[in-house]
Amino acid sequence: MKTTTTKSSVLRPIITGTIAGIILALVFAAGFYVRGLLPDPTTVSSVPVDEAGYPLLDEVQGLIDRIYLRDQPDYIERQYGAIQGMLTSLGDTNTFFIPPPVAQSEADVLAGTYGGIGVLVNRNEAGEFVLYPFPDAPAAAAGILDGAILLAIDDESITLETPPDAVDQLLRGAVRNDNGVNLTIRQNDEERTLFVVFDVINVPSVVWRVLEENNNVGYVQILRFTSRTPDELTTGLSELNDANIDALILDLRGNSGGLLTESIEVASQFINNGVVIYQVTADDEETFNATDGGFATEIPLVVLVNNRTASAAELVAGAIRDNDRAILIGQQTFGKGTVQQIFTLSDGSSVHITSAEWFTPDRTPIAGVGLEPDIAMIPDENGRDVELGEALRYLQTELNSETE
């Protein structure tokens, strides 16, 4: 039985997606973390302060108590305001305060789970929405195969003008009472409509496939850098190697960062022995080098980047290019070249504090600048994947030159 879609039912998940986008923006602003430096989330960070404390704050509070015309915010809200003002005075947009409700939402986003059908949605060069189900997710269980073209959601046609974020949100929803969506897809040259239930989705950090456009080229997309990323990448590269690919595309578009140690391991899959990153703190500099044994240290390679490629993703892209392994295709990256430590405070709020800056192997700064691509592309206004098309053409030229 098909479900009739009203305007409000379409808008509701889009509005929800907007709220989620705000939360993701906070996560994106943090972007880059160092495992092992984070305190126990149940404890309060202990930061030494001058023994005199902040007497001016007490003085101002006393004046407010005596003569302020209106009711004051409660005590905790005034503390939050003081913290925000203190952090703002540092002049570092990546050092900031998050109140408890948003801090919890941020933790949920970083956990990588949501309610939905479990599918990655990409657009091909023709602008069509292409589905790639996650293993064991509802989309795969319903019979959707890699490369299926999405035509409609709950009888609403999906066109070139449909915003990608709207499509993504319409494929998500609350996990309850067989809640889900009717999808119309084109698969194996046949059009079919099927119902897919929503379930709790554990989002992978890496997806891969052999490209339909060219069966000699493998494609790896790293969505974020988590503790699972190195193992997932190893599995993906091993499977692509077994598929006898001749070239590889590494897609870091939209990757907002993650964990330092894991990004070093990822870079090591593509370069041998070279410097990956220089990390500079207030009183020290540390060099991180690639390790031997990567799966993709020789294969022709292209890296895709855009203005949402940030932090750990910029680290990997910069290391690969500076070690002469690949060119970058796309748009200038975000420019998030600093490291934040996250401290959970006693009431569930948190502070993100910048503790280090990093530089590429050629000592190029990233913070506030970003990486310029070797081949700059203007994003297609209809969402067609022109960067992927350019990468395929570039690699084909490289492969042809090797055989001459």
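The values are calculated or read from the model by the stated rules, or taken from the named source; none is laboratory data. Here the structure is a predicted model, which means the values were calculated and not measured. Neighbour counts are summed over all protein chains in view; Cβ atoms, including those assigned to glycine, are modelled from backbone coordinates with ideal geometry. Note: areas computed on protein heavy atoms with side chains; ligands, DNA, RNA excluded. Shrake-Rupley method; radii C 1.70, N 1.55, O 1.52, S 1.80 Å.
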Report yes if THR397 is more than 30 Å from LEU87 (Cβ to Cβ), in a helix (DSSP H, G or I) and open to solvent by 20 Å² or more (accessible area, probe 1.4 Å), otherwise no.
yes
The one condition in (1) more than 29 Å from THR360 (Cβ to Cβ); (2) more than 20 Å from the chain's Cα centre (by Cα); (3) modelled with pLDDT under 95 that ILE201 fails to fulfil:
(2)
Name the pairs: first residue in the stretch 64-91 and over 15 Å from VAL351 (Cβ atoms), second residue among the aromatic types (Phe, Trp, Tyr) and open to solvent by less than 60 Å² (accessible area, probe 1.4 Å), Cβ to Cβ under 9 Å, at least 6 apart or on different chains?
PRO73/TYR80
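Conditions tested, residue by residue: (1) within 30 Å of LEU392 (Cβ to Cβ); (2) open to solvent by 40 Å² or more (accessible area, probe 1.4 Å); (3) in contact (Cβ under 8 Å) with a residue 12 or more places away in the chain.
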| residue | (1), (2), (3) |
| --- | --- |
| ASN188 | yes, yes, yes |
| LEU252 | yes, no, yes |
| SER256 | yes, no, yes |
| GLU285 | no, yes, no |
Have a look at ASN214, ASN182 and point out the one that is surrounded by fewer than 19 Cβ atoms within 10 Å (Cβ to Cβ) and in a loop (DSSP other than H, G, I, E, B).
ASN214
Report whether or not ASP362 is in contact with a helix residue (DSSP H, G or I) (Cβ under 6 Å, 6 or more places away or on another chain) and either open to solvent by 30 Å² or more (accessible area, probe 1.4 Å) or touching a residue at least 12 places away in the same chain (Cβ under 8 Å) (or both).
yes
Hey, could you check the stretch 93-107 for residues that are modelled with pLDDT of 80 or more and over 16 Å from GLN79 (Cα atoms) and say which is surrounded by the fewest Cβ atoms within 10 Å (Cβ to Cβ)?
THR93
Might you let me know whether the stretch 69-80 holds any residue that is within 30 Å of GLY335 (Cα to Cα), touching a strand residue (DSSP E or B) at 6+ places or on another chain (Cβ under 8 Å), modelled with pLDDT of 80 or more and open to solvent by less than 80 Å² (accessible area, probe 1.4 Å)?
yes
Test LEU151 against the stated conditions and say whether it is open to solvent by 20 Å² or more (accessible area, probe 1.4 Å), over 26 Å from ASN202 (Cβ atoms) and not in a loop (DSSP other than H, G, I, E, B).
yes
Count - residues of the stretch 224-241 that are touching a residue at least 40 places away in the same chain (Cβ under 8 Å) and either within 20 Å of ALA137 (Cβ to Cβ) or of a type in the set (A, V, I, L, M, F, W, C) (or both):
4
Which one is farthest from ASP374 (Cα to Cα) among residues in the stretch 338-358 that are of a type in the set (Gly, Ala, Ser) and touching a Pro at 6+ places or on another chain (Cβ under 6 Å)?
GLY348
Condition first: surrounded by fewer than 22 Cβ atoms within 10 Å (Cβ to Cβ), in contact (Cβ under 8 Å) with a residue 60 or more places away in the chain and in contact with a Leu (Cβ under 9 Å, 6 or more places away or on another chain). Now tell me which residues in the stretch 331-351 satisfy that.
GLN341, ILE342, PHE343, THR344, VAL351
